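To start, the structure under review is shown below, and the notes come after it.
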Amino acid sequence: MKKLITLMLFALMAIGVQAQQKAKKEPVIDFKTPHVVETACGECKFDLKGKECDLAVRIDGQAYFVDGSDIDDHGDAHAKDGFCNKVRKAEVTGKVVNGRFKATSFKLLKEDTLKSNTKI
């Protein structure tokens, strides 16, 4: 009987250990040199959950809210070409920390600059 109880105890512990979720690894994104990324309102264009319109970047298909630059630093977010209505390009440096992009620099690129640099 002792062996059966001991066996049951070990079986339950083994099941409990396997049921634990593994922590999701955050991708290592650390742009020390400027990189061009997509940028827009995280809630309006990138479907991020938030309380109000906030600046976000999309890197390799993953969107992150931005710390270090504000949505209102780059004009009216609700204008025709604003972040809530259009996905734009920006040249950024910084890194992802705790699921947020900590920008050390953020330069919104003009659309005509992008068109003139596009190779056909």
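With Kirkwood's inverse mean 1/r over C-alpha pairs for Rh, give me the Rg to Rh ratio of the stretch 30-117, two decimals please.
Values: Rg = 12.0 Å, Rh = 12.8 Å.
Over the Cα atoms of the stretch 30-117, Rg/Rh equals 0.94.
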Worksheet item: So, in nm, how far is label Arg100 from label Asp30 when the simple model puts each one 7 Å beyond its Cα toward the Cβ?
Response: 2.0 nm
Worksheet item: Could you give me the ³J(HN,Hα) list for the stretch 98-103, computed from phi with Karplus coefficients 6.51, -1.76, 1.60 and θ = phi - 60°, whole Hz, x at Gly and Pro?
Response: 6, x, 10, 8, 8, 7
Worksheet item: Which whole-Hz couplings ³J(HN,Hα) result when phi for each residue of the stretch 37-47 is put into the Karplus expression 6.51 cos²θ - 1.76 cosθ + 1.60, θ = phi - 60°, listed in order with x for Gly and Pro?
Response: 10, 7, 9, 5, 6, x, 6, 6, 10, 10, 6
Worksheet item: With charges only on Cβ, +1 for K and R and -1 for D and E, what is the dipole size of the stretch 71-114 about its Cα centre, in debye, rounded to 20?
Response: 260 debye
Worksheet entry | Stretch gain in nm, segment Lys86-Ile59, where the contour uses 0.36 nm per residue and the Cα spacing is subtracted | 8.1 nm
Worksheet entry | Over 18 Å (Cα to Cα) - which of Lys32/Lys107; Lys45/Lys86; Lys49/Lys95; Lys86/Lys110 fall in this group | Lys49/Lys95
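Extension gain Lys51-Lys107, at 0.36 nm per residue separation less the Cα-Cα distance, in nm?
Difference between extended and current length: 17.7 nm.
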Practice prompt. Evaluate the charge dipole of the stretch 30-117 about its Cα centre and quote only its size in Debye, nearest 20, assuming +1 on the Cβ of each Lys and Arg and -1 on the Cβ of each Asp and Glu.
Written response: 240 debye
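Read the figures in this text as sums done on the coordinates, not as results from a lab. All of these numbers come straight from a predicted model, not from anything done at the bench. All Cβ positions, even for glycine, are placed from backbone atoms using ideal geometry, and neighbour counts span all protein chains on display.
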